[in-house]
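Structure first, commentary second.
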Amino acid sequence: HTERTLILVKPDGVRRGLVGEVLRRVEAKGYTLLAVELRTADEALLAEHYAEHEGKPFFRPLVDFMASGPVLAVVAEGERVIEGFRVIAGATDPTTAAPGSIRGDLGRDWGLAVTQNLVHGSDSPESAEREIKLWFPGL
Ligand code: CMP
């Protein structure tokens, strides 16, 4: 069945000029873009977005990093797009992410407190609906 996912190009991806490259890969795979917006997220939104990581040592640095510059927020639609985008993105750790994936091709470890891994993708239908409501209340 057709489903929707929330994709973020994180501040490292925007700073490196990879917005077009990420959108190209999503579109080339055949997914449909429903919404695309460049914006700097505030802490309240990010704390809610990453609520499941509250209390972890990387939570604070993660929120600070995500607020450090604009992100590109995207809603994409397609058959199994949630799983499909996570495959396109590659594993969380960019050093070991498979070549051919966004993180594997374009990311690496910078030795910083937070894993700067270029993109985010919802990990389940429940997260996708929750995250889409957060980032695009009108959609
Ligand atoms: P994301 O898929 O957006 O979900 C949580 C984010 O936290 C993850 O990508 C990374 O950017 C970051 N992250 C996950 N695990 C760690 C970790 N062990 N140390 C630092 N940052 C992490």
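Odds and ends about this structure:
- Some residue of the range 38-59 being farther than 24 Å from Gly138 by Cβ, away from the ligand (no atom under 11 Å from the Cβ) and without any contact (Cβ under 8 Å) to a residue 60 or more places away in the chain: yes
- Remark: pairs (first residue in the range 70-92, at positive phi; second residue assigned to a helix (DSSP H, G or I) and more than 16 Å from the ligand (Cβ to nearest atom); Cβ separation under 6 Å; 6+ apart in sequence or on different chains) are absent.
- Pairs with Cβ under 7 Å, 6+ apart, first in the range 104-124 and under 12 Å from Ile7 (Cα atoms) and in contact (Cβ under 8 Å) with a residue 24 or more places away in the chain, second of a type in the set (Ser, Thr, Tyr) and surrounded by 13 or more Cβ atoms within 10 Å (Cβ to Cβ): Gly121/Thr5; Ser122/Thr5
- In the range 102-113, of all residues being part of a loop (DSSP other than H, G, I, E, B) and surrounded by fewer than 18 Cβ atoms within 10 Å (Cβ to Cβ), the one that is nearest to the ligand (Cβ to nearest atom) corresponds to Ala113.
- Residues of the range 11-37 that turn out to be closer than 22 Å to Gly138 by Cα and either within 15 Å of the ligand (Cβ to nearest atom) or among the acidic types (Asp, Glu) (or both), as a count: 1
- Of all the criteria given as (1) within 15 Å of the ligand (Cβ to nearest atom); (2) in contact with a Ser or Thr (Cβ under 9 Å, 6 or more places away or on another chain), the one not satisfied by Val75 is (1).
Read-outs throughout are calculated quantities, based only on the coordinates presented, and are distinct from any laboratory measurement. Since this is a predicted model, take the numbers as computed values, not measurements. Here the Cβ is made from the backbone with ideal geometry for all residues, glycine too, and neighbour counts use every protein chain on show.
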